[in-house]
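The values are calculated or read from the model by the stated rules, or taken from the named source; none is laboratory data. From a predicted model like this one, the values you see are computed outputs, not experimental measurements. FYI the Cβ positions are ideal-geometry reconstructions off the backbone, even for glycines, and counts take in every protein chain you see.
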Amino acid sequence: MRTFERFPNLVTMFFTRAREKGDAPFLWAKRGGAWAPLSWTEVARRVASLAAALRAQGLREGDRVVLVSENRPEFCIADLAIMTAGCVTVPTYTTNTERDHTHILENSGARAAIVSTAKLAQVLLPAIVRSSTCEFLIGMEPLPATAVRTLDFAALAGDPAADVAAAEAAVADLRREDLACLIYTSGTGGAPRGVRQHHGAILCNVEGCVDIIAEDFGWDDEVFLSFLPLSHAYEHSGGQFLPIALGGQIYYAEGLEKLAANIEETRPTIMVVVPRLFELLRARLIKAVEKQGGIGQKLLDKALELGTREKLRLADYPYKLAIDLLLKPKVQKRFGGRIKALVSGGAPLNPEVGQFFSSLGLTLLQGYGQTEAGPVVSCNRPKAGIKLDTVGPPMKGVEVKIAEDGEILIRGELVMAGYWRNEAETERVLKDGWLHSGDVGHLDDKGRLKITDRKKDLIVNDKGDNIAPQKVEGMLTLQPEIAQAMVAGDKRPYIVGLVVPDQEWLAVWAGERGLPPVLAQLKGNADFHRALMAAVDRVNADLSVIEKVRRIAVADEPFSIENEQMTPSMKNRRHAIRAVYGDRMDALYGG
């Protein structure tokens, strides 16, 4: 089995792989409707060129550089160049508002910014104008005329004589404990905080992930499809630096709407996914089979039934053979045909969703972590026995223990150095070397971690009972009528819910009744409300008395990143949703 080296920093790891891989393809993007690669050698040259240009502009060791870009090869080149110049990357979300950019620029004290497009620059530029520290802006594409000093990315990264060897030598003194990036957590509540991720934190994560791939799947020519935001720690570590560590290839997806087609085209071996996307893919697969009907529907039902059995009976084997020959290859093809593992993280995965994909022959690994821990803490792995209601054992080099109140505590090189310029919050979560995660859980008899809920998100009703909202919400969104849900009930006698109807179901329901398929016009329809409540009642049948959702309100629009009601990892931002719908939900308790 191939062993993984111990690197002093992330950039040395990259340059080492670039020397080994040479002219082999590394970063792929669609150009003119066709996938086109950049080789490892070419990317290393551009990184060296841009790093030298940043130093020539006066940037020095430790200076922060904000990076605002969708997933594309230039993101990776910029990120590596910033670190090669001895600076600190501050990746920020493309969905950030002007206010968000202003907060991050001022809080980080960034001296420069890099932006991908003119559209994204329109939101960023006013914040730069107000910034007391940001001196210039680099555009990956042409930028509008502005008072801010602007430079061209292609020119800065395009020096054909760039000295890669000198760039590699320049980072020889970068240590694992040195700051690599500031990642501002979007969070489900409150203002973003800058998490200080050092080189060793991400390298510890990478080493743990490589260990799983090498031992459980075999380390080969790995291919990744990158589509979660690279400004999120999960994709930054798992979708960028892990492929670099493995000497793999990265394809950059064209967007969520083209994701299914991109999967079939690029045929990834490993995919890093969030649970919400699994839920969407599950719904699409079910609808596709339902439309087909007949043998396909029967095989799907049987596959899901057999998937829950620990041991097959003799009578099951003919069905298993038919499933293996007729159903599973079609599902595999939808995922490109050579997928080794689908890795789920960023939010809890409903075990029923995990069981669905597992039953169809896909290896689904649920992991757990947070930005403050690199971000990956644990991950299911076949060697340890996959149990879908757990998030697996802690990774190599990671310690986990459970506090008396059930809180998960984490220790190891992966733990952040603290929050940037926020000593109070740092002292609150880092105590005696242990990161206090804010999550509740326990370790099972095989050392696998099981998450119960967020401490701060637990609902405590008026009788003092604790209710985990994510469990209830996850069950609600498995119903075909419900796309999204949030439940509430703190200090109240029962649980109430806010639901977003599934658009396809809504269109069918309205069409059958000769009504317009418009949510705004259907919200007040009593029959429409009863149909949604019937779905809720199906869930209530499997919930305890204290968990049952007694009444619901219908949201005006889907929760989204754009309306700030979801985080970029597709978790509900409870405080933002409450700000819009709090009065409506409170009214459900009316006299």
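Once region 389-424 is narrowed to residues that are farther than 19 Å from Glu215 by Cβ, of a type in the set (Gly, Ala, Ser) and part of a loop (DSSP other than H, G, I, E, B), the residue that is modelled with the lowest pLDDT is Gly406. Considering region 46-60, and only residues there that are more than 30 Å from Leu414 (Cα to Cα) and of a type outside the set (A, V, I, L, M, F, W, C), the residue that is surrounded by the most Cβ atoms within 10 Å (Cβ to Cβ) turns out to be Ser49.
If you go through region 425-434 and pick out every residue that is assigned to a strand (DSSP E or B) and either within 22 Å of the chain's Cα centre (by Cα) or over 17 Å from Leu449 (Cα atoms) (or both), you end up with 2. Contact list please: Cβ distance under 6 Å, first residue in region 342-371 and at positive phi and assigned by TED's automatic domain parsing to the domain that holds Gln297, second residue of a type in the set (Phe, Trp, Tyr) and outside any strand (DSSP E or B), pairs at least six apart or on different chains. The qualifying pairs are Gly346/Tyr234.
Going by the conditions given, is Ala488 under 28 Å from the mean Cα position of the chain (by Cα) and at pLDDT below 95? Considered against the rule, which asks whether it is under 28 Å from the mean Cα position of the chain (by Cα) and at pLDDT below 95, Ala488 comes out as yes.
Candidates Ala113, Ala154: the one that is in contact (Cβ under 8 Å) with a residue 40 or more places away in the chain, under 15 Å from Glu74 (Cα atoms) and assigned by TED's automatic domain parsing to the domain that holds Leu50 is Ala113.
The single residue among Gly447, Gly438 that is under 15 Å from Val377 (Cβ atoms), over 24 Å from the mean Cα position of the chain (by Cα), not aliphatic (A, V, I, L, M) and not assigned by TED's automatic domain parsing to the domain that holds Ala576 turns out to be Gly447. Scanning region 293-310 for residues that are exposed (fewer than 15 other Cβ atoms within 10 Å of the Cβ), free of Cβ contacts under 8 Å to residues at least 40 places away in the same chain and either under 16 Å from Ser358 (Cβ atoms) or outside the structural domain of Leu362 (by TED's automatic domain parsing) (or both) turns up Asp301, Glu305, Arg309, Glu310.
Just one of the listed residues (Arg513, Arg492) is under 15 Å from Leu588 (Cα atoms) and out of contact with any strand residue (DSSP E or B) (no Cβ under 6 Å at 6 or more places or on another chain), namely Arg492. Checked against the criterion of being in contact with a Leu (Cβ under 7 Å, 6 or more places away or on another chain) and buried (at least 21 other Cβ atoms within 10 Å of the Cβ), the candidates Leu476, Leu449 yield just one match: Leu449.
Out of the residues in region 1-28 that are of a type in the set (D, E, K, R) and closer than 18 Å to Val210 by Cα, which is surrounded by the most Cβ atoms within 10 Å (Cβ to Cβ)? Residue satisfying both the conditions and the ranking: Arg17.
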